[in-house]
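Below is one structure, written out as C-alpha cells, with a few remarks after it.
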Amino acid sequence: MVTLIDTNILVDLAVRDPHWLEWSRRQLLAAVARGSVVINQIIFSEFSYRYDRFETVDALLPRNQFIRENLPWSAAFAASYAFRRYRSAGGRRERVLPDFLIGAHATIRGYTLLTRDPSGYRSYFPGIDVIAPDTHPLSGNQT
C-alpha cells in the first residue's frame, strides 16, 4: 500500500505539536509498515515554509524514507476541476488550491491519504481512502 502524507502530519512531527505529535507519529510509522510513503512538490513546498535552506528540508525528509513523486498531469487537472466546483458552490478562501492538488494526486494514483483534515478531501474526492483522526481506530479522543 502507498500512502501520500499530507503536510500537516509532517509539520506535527517537525514542530512537535503537543496535541497531534503522538497521533501523527503513530500513523506515519503505521504507513511505513504498510508500504511506501510519498510526498510531492506541493507537500515539500508547504513543509519548507519554516526553513531557510533546501538542505535542511532535504535532510528532514530523506529520500530513502519519503518517495518524492511528481504530481501527475491528470491530477493537476482534477484538482483544478474540483477547486472550481468548490468555489462555484460558494467555498470560502480558507481552503486553497494546494489541498486540492494533494487530494487529486492521491485519488488519481489510488493512494491512501494520511491527513488530520479530511473534510475537503472527502467532499471533493469521494473515492479517496483517507486515514484521519475521526476514522482511524487508534485516533483516541482527537477528532
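With a Förster radius of 25 Å applied to the beta-carbon distance between A89 and R109, the computed FRET efficiency rounds to 0.45. Each of I67, I9 has its accessible area taken with a 1.4 Å probe; listed largest first, they run I67, I9. Computed about the Cα centre, the dipole magnitude for the chain is approximately 340 debye when only Lys and Arg (+1) and Asp and Glu (-1) carry charge, each at its Cβ.
A prolate overall shape is assigned to region 30-96, the ratio a/c of its alpha-carbon gyration tensor axes (a ≥ b ≥ c) being 1.5 or greater and a/b exceeding b/c.
Under 5 Å between amide hydrogens, built in the peptide plane, is the criterion, and for V130 it picks out L113 among residues at least 5 positions away or on other chains.
When the solvent-accessible area of region 1-102 is split by element, carbon and sulfur atoms take up 56 percent of it, the probe being 1.4 Å.
In region 1-117, taking the dipole from charged Cβ atoms about the Cα centre, the farthest positive-side position among L113, A14, A78 is held by A78. The GluC sites (Glu not before Pro) found in region 1-93 include none that occupy coil by DSSP while having at most 13 further C-beta atoms within 10 Å. Considering only I43, F100, L61, the residue lying farthest towards the positive end of the dipole of the chain is F100, judged by Cα position with unit charges set on Cβ. Calculated accessible area for the chain comes out at 55 Å² per residue, all protein chains present (probe 1.4 Å; ligands, DNA, RNA ignored). Computed 3J(HN,Hα) for region 128-133, one whole-Hz value per residue from the Karplus formula 6.51 cos²θ - 1.76 cosθ + 1.60 where θ = phi - 60°, is 6, 8, 10, 9, 8, x, glycine and proline marked x. 3J(HN,Hα) along region 42-59, derived from phi through the Karplus expression 6.51 cos²θ - 1.76 cosθ + 1.60 where θ = phi - 60°, amounts to 5, 5, 4, 5, 4, 5, 5, 3, 7, 10, 9, 10, 4, 4, 5, 5, 4, 6 Hz, with x in place of Gly and Pro. The stretch between R122 and F77 holds 14.4 nm of extra length on full extension. This uses 0.36 nm per residue minus the Cα-Cα distance.
Across the chain, Cα pairs under 8 Å and at least six residues apart give a relative contact order of 27 percent.
Within the chain, the longest run free of trypsin sites (Lys or Arg not before Pro) that sit in a DSSP loop with at most 15 other Cβ atoms within 10 Å is 94-143.
The values are calculated or read from the model by the stated rules, or taken from the named source; none is laboratory data. These figures come from a predicted structure and were not determined experimentally. Note: ideal-geometry Cβ built from the backbone for every residue, glycine included; neighbour counts use all protein chains shown. Ligands, DNA and RNA are stripped out before the accessible areas are found, and what is left, the full protein with its side chains, is counted by its heavy atoms. Shrake-Rupley method; radii C 1.70, N 1.55, O 1.52, S 1.80 Å.
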